[in-house]
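The block underneath contains the structure these notes are about, expressed in structure tokens.
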Amino acid sequence: MRNTTIWSLCLFIMLNLACAPQPNDTMEAELLFEGKALLGEGPIWNHETQQLYWVDIEKRQLHIYNPATEEDTYFETGERVGTVVPIESGGALVALENGIHAMDLQGGKLTLIANPLEEGIRFNDGKCDPLGRFWVGSMHLSAEKEAAALYMMDENQEVQQMLDNITISNGIIWSLDSKTMYYIDTPTRQVKAYDYDVASGNISSPRVVINIPQERGAPDGMTIDEEGMLWIGHWGGGIVGRYDPKSGEMIQKIEVPALNVTACAFGGEKLDKLYITTASIGMNDEQKQEYPLAGGLFIAEPGVRGVPADFYKGLKNN
């Protein structure tokens, strides 16, 4: 009788394991909004307003998508806009081709804060670190090799260059314990980890934790989930991959009906929805026919939650 009970228990466990979703499952993203973006990028969830901010770099627009009303509104930025982050006291920071600006989201007024860029360089992806400092990278307009850099703007609006010899600065995120910064320079096809000092913002001891094979495309924007796994958009690969930074392996994949997947961000009331931006540029005629939804905003529910985005803590009186 005892052996029968043990066998029944083992069978029950095996059946449940077989039916449970596996971490390397492949799923498909669904179109949420046919944005027709030229270069959709920089999604970030504002957990206070329950809205998704994202940008179209080449159309020079900051978009705000409201899932409750299914409405997408946008502001003209006048210059290429690389990324956006909410400001804790209200409004948003936008990194434009001509500098970092504060934007009033009531009327769209822009106020220049700082511009460390040289001629021919524009800002690209960026996020705020756990202390609310704004990190943003750059790239040459012709993607000239090692012509760009990574910057940090602190609470007092002082800008410091943190890395140089960058080609296309892209995904950036911090570990759950705030001890590691993960960073992507797209043409390297690598994710690097840096030791991160949360008090000073200093980074050190760079090492490669993920290598992206050529057949998957190139790594672009990046976010992190509540289990510490990294989610990376693949330019030219048509997927978002979930990676374990300890092993370097891709453990889950979301297929997106767009060739150039640029970035992703967790959102929704429970942070259990993954919003995905894409681009319609960079494709030949055959690819445009194959991917008619390219440039759209997509969504997936991967079975894991994200963590709240950090807001910029400067500009208290904004």
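Read-outs: derived from the displayed coordinates by stated rules, not from any lab. Worth saying up front: this structure is predicted, and the values here are computed from it rather than measured. Positions of Cβ are generated from backbone atoms using ideal geometry, with glycine treated the same way; all protein chains shown enter the neighbour counts.
Read phi for every residue in the stretch 137-152 and hand back ³J(HN,Hα) as whole Hz from Karplus 6.51 cos²θ - 1.76 cosθ + 1.60, θ = phi - 60°, with x for Gly and Pro.
x, 9, 7, 6, 4, 9, 6, 4, 5, 6, 9, 10, 7, 10, 10, 10
Express the relative contact order of the chain as a whole percentage, based on alpha carbon pairs under 8 Å and six or more residues apart in sequence. Please report the intermediate quantities before stating the final value.
Working: 889 pairs, mean separation 60.0, N = 318.
Reported as a whole number, the value is 19 percent.
State the extension gain, in nm to one decimal, for the chain segment bounded by GLU301 and GLN160, taking 0.36 nm per residue of separation less the distance between their alpha-carbons.
Numbers: separation 141, 0.36 × 141 = 50.76 nm, distance 3.73 nm.
Between GLU301 and GLN160, full extension yields an extra 47.0 nm.
Let me check I've understood the local charge: for ASP154, count other residues with C-beta under 12 angstrom from its C-beta, Lys and Arg +1, Asp and Glu -1. What total comes out? Could the numbers behind the result be given before it?
Values: positive: ARG133, LYS313; negative: ASP129, GLU155, GLU158.
Surrounding charge for ASP154 is -1.
Convex hull over the alpha-carbon atoms of the stretch 40-199: what's its volume per residue in Å³?
Convex hull of Cα atoms, per residue: 119 Å³.
In whole Å, what is the distance between the alpha-carbon centres of the stretch 33-94 and the stretch 199-266?
Value for the Cα centre distance between the two parts: 21 Å.
With the cut-off at 1.5 for a/c, could you classify the stretch 139-194 from its C-alpha gyration tensor as rounded, prolate or oblate? Please list the in-between numbers first.
Values: a/c = 2.77, a/b = 1.22, b/c = 2.26.
It comes out oblate by the Cα gyration axes.
In this model, which of LYS59/LYS145; LYS127/LYS192; LYS253/LYS273; LYS192/LYS273; LYS179/LYS246 are farther than 18 Å apart at the alpha-carbon?
Numbers: LYS59/LYS145 25 Å; LYS127/LYS192 16 Å; LYS253/LYS273 15 Å; LYS192/LYS273 26 Å; LYS179/LYS246 14 Å.
Beyond 18 Å: LYS59/LYS145; LYS192/LYS273.
Please name whichever of LEU259, ILE168, MET229 sits farthest to the positive end of the charge dipole of the chain, dipole taken about the Cα centre and charges placed at Cβ: Lys and Arg +1, Asp and Glu -1.
MET229
Report the net charge of residues surrounding PRO257, where surrounding means a beta-carbon distance below 13 angstrom and charges are Lys +1, Arg +1, Asp -1, Glu -1. Write out the running numbers ahead of the final one.
On the way: positive: LYS288; negative: GLU28, GLU30, GLU34, GLU255, GLU290.
Charge balance in the 13 Å sphere: -4.
If amide hydrogens are placed 1.01 Å from N in the peptide plane, which non-local residues have theirs closer than 5 Å to the one on THR262?
Hits under the 5 Å cutoff: THR277, THR278, ALA279.
So for the stretch 53-92, what are the equivalent ellipsoid semi-axes in whole Å, largest first, each being the square root of 5 times an eigenvalue of the Cα gyration tensor? Show your work: numbers first, answer last.
Working: eigenvalues 60, 42, 11 Å².
So the three semi-axes of the stretch 53-92 are 17, 14, 7 Å.
Where Lys and Arg each count +1 and Asp and Glu each count -1, what net charge lies around ILE239 among other residues with Cβ under 12 Å from its Cβ? Each step should come with its number before you reach the end.
Details: positive: ARG216, ARG242, LYS253; negative: GLU28, GLU215, ASP220, GLU255.
That sum, taken over residues with Cβ under 12 Å, equals -1.
Given springs between every Cα pair under 10 Å in a Gaussian network model of the chain, which of ALA218, ALA102, ALA68 has the largest fluctuation?
Its mean-square fluctuation being the largest, the pick is ALA68.
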